[in-house]
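The values are calculated or read from the model by the stated rules, or taken from the named source; none is laboratory data. Not measured: the values here are computed from a predicted model. Because the Cβ atoms are built from the backbone with ideal geometry, glycine has one as well, and the counts that use them run over all protein chains shown.
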Amino acid sequence: MGSEWKEVSFADVIEIISGGTPKTSVTEYWGGNIPWLSVSDFNSGFRWVSTAEKTITERGLAESATTILNRGDIIISARGTVGAIAQLAKPMAFNQSCYGVRGKKGIAETNFVYYALRHAVSQMQQVAHGGVFNTITRYTFKIITTKLPPLPEQRAIAHILGTLDDKIELNRRMHETLEAMAQALFKSWFVDFDPVVVNAIKAGNPIPEKFAECAAHYHDNPDALGLPEDLLRLFPARFVDSELGPIPEGWEATTIGSEFDLTMGQSPPGSTYNEEGKGLPFFQGRRDFGFRYPSSRVYCTAPTRIAHTGNTLVSVRAPVGDINMAYETCCIGRGVAALRHKSGSRSYTYYYAILVLAEQLKIYGAEGTVFGAINKKQFQNLSSISPRPDIISLFEKLAYPIDENILSFEEESRTLAALRDTLLPRLISGELRVPDVEKILEDAL
């Protein structure tokens with residue numbers, strides 16, 4: 001490594017900005033147009049954060065300790081979940097459990113600092129201290145060091161690593177677009193019953209008030225649905241009353257237990273856990289869930305309950321109702337259940353869970369002593385509608401290729417992330433220089 005590289009304390013090359021929380025009792029502070037970040041908004045592993053669950057008003061910003069970070073600034077969690085890190089895709093405010101960070105002008109490029117901090121997270125976690133929660137403080141940035149190259153090389157390193165993250169981000173957006181397409185199809189067929197409404201219009205049959213808005217949309221142009229006639233004929237042309245309200249004729253009101261195979265998780269003995277990748281990935285609940293697929297953190301050599309590839313995973317405690325899909329055969333703990341339609345359908349099960357089941361499970365989110373929870377009997381007794389098998393099969397035929405494309409994006413992103421994580425420590429330390437990486441990057445992209 002050349003002599004131009006220097007060992008520096010992070011505190012010497014960055015600006016640290018503190019956040020805050022407007023008083024929750026003052027309603028005028030909340031619900032405005034300023035995104036307000038907490039760690040749950042960016043603890044995803046992705047480089048960029050662009051949305052926040054909560055927003056504040058201009059008054060909330062002015063009359064509290066929070067502040068606005070700029071686009072490109074870094075946010076890092078400092079309490080509890082220590083070391084979650086991202087960059088802001090647009091200006092946002094943030095709470096006091098995080099720090100905002102940017103490189104000092106003329107000394108450190110913020111994009112380089114992001115990767116340097118990401119590399120240093122494990123050190124921060126080791127020195128984090130506190131009572132109930134682990135905490136990093138401003139002093140932490142003084143005792144954690146990094147290698148700092150000249151600005152041009154900082155930019156080059158950030159560009160290399162950023163190129164990989166940009167491709168991962170592009171894959172994520174493509175994933176979102178494809179999933180939205182499949183969700184729209186499922187909602188049309190199995191929630192709004194658009195084909196049944198259109199057939200009822202054509203047959204002159206009555207349409208329940210519940211679907212009046214949909215009927216008005218298609219009344220003058222029933223062909224706007226865009227389904228070929230041979231597919232449209234698979235759907236009935238009449239609604240019938242049921243205990244669940246009006247449903248398509250020939251479909252049945254039933255329960256989750258009748259329609260789906262359900263496996264409730266059970267945590268294996270603690271001595272069988274490891275972080276070395278031995279055994280099956282082990283998922284214990286919501287904190288393990290990611291963007292459609294969970295992320296492996298812990299492995300288990302003696303699994304008690306198994307979820308198979310393509311099964312829908314549902315968090316059943318702390319809290320209830322988050323949805324993921326098993327990327328591979330895995331072990332599930334008591335905070336997770338695995339679901340699969342009795343037909344074996346992968347796609348129908350997943351979109352049913354996203355668009356129907358998740359809504360039903362909300363009532364369990366506030367129950368329980370500390371956290372909400374749902375047991376197997378309650379889960380099986382949830383109401384469900386049973387469509388005709390040929391319609392489920394048709395949806396699976398149309399949605400399966402979409403989900404296969406999503407899977408291919410996920411596989412590519414995991415490969416790119418592994419390459420980024422391999423290059424990151426070697427580039428940040430100066431062990432690997434920029435010219436040596438360019439060929440590797442060309443082959444990867």
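See the values below:
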quantity: Residues located in the range 253-297, provided they are in a strand (DSSP E or B) and farther than 17 Å from L357 by Cα; calculated: Y273, N274, L280, P281, F282, F283
quantity: Top-ranked residue in the range 30-49 [being assigned to a loop (DSSP other than H, G, I, E, B) and surrounded by 15 or more Cβ atoms within 10 Å (Cβ to Cβ); ranked as modelled with the lowest pLDDT]; calculated: S44
quantity: Residue match in the range 317-328 (condition: of a type in the set (D, E), touching a residue at least 40 places away in the same chain (Cβ under 8 Å) and not in a strand (DSSP E or B)); calculated: yes
quantity: Qualifying residue in the range 223-240 (condition: crowded, with 17+ Cβ neighbours inside 10 Å and part of a strand (DSSP E or B)); calculated: yes
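Listed here are the residues, each with its yes/no results for (1) in contact with an Asp or Glu (Cβ under 7 Å, 6 or more places away or on another chain); (2) more than 26 Å from I34 (Cα to Cα); (3) surrounded by 16 or more Cβ atoms within 10 Å (Cβ to Cβ).
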{"site": "R59", "(1), (2), (3)": "yes, no, no"}
{"site": "I85", "(1), (2), (3)": "no, no, yes"}
{"site": "P91", "(1), (2), (3)": "no, no, no"}
{"site": "Q125", "(1), (2), (3)": "no, yes, no"}
{"site": "I143", "(1), (2), (3)": "no, yes, no"}
{"site": "K147", "(1), (2), (3)": "yes, yes, yes"}
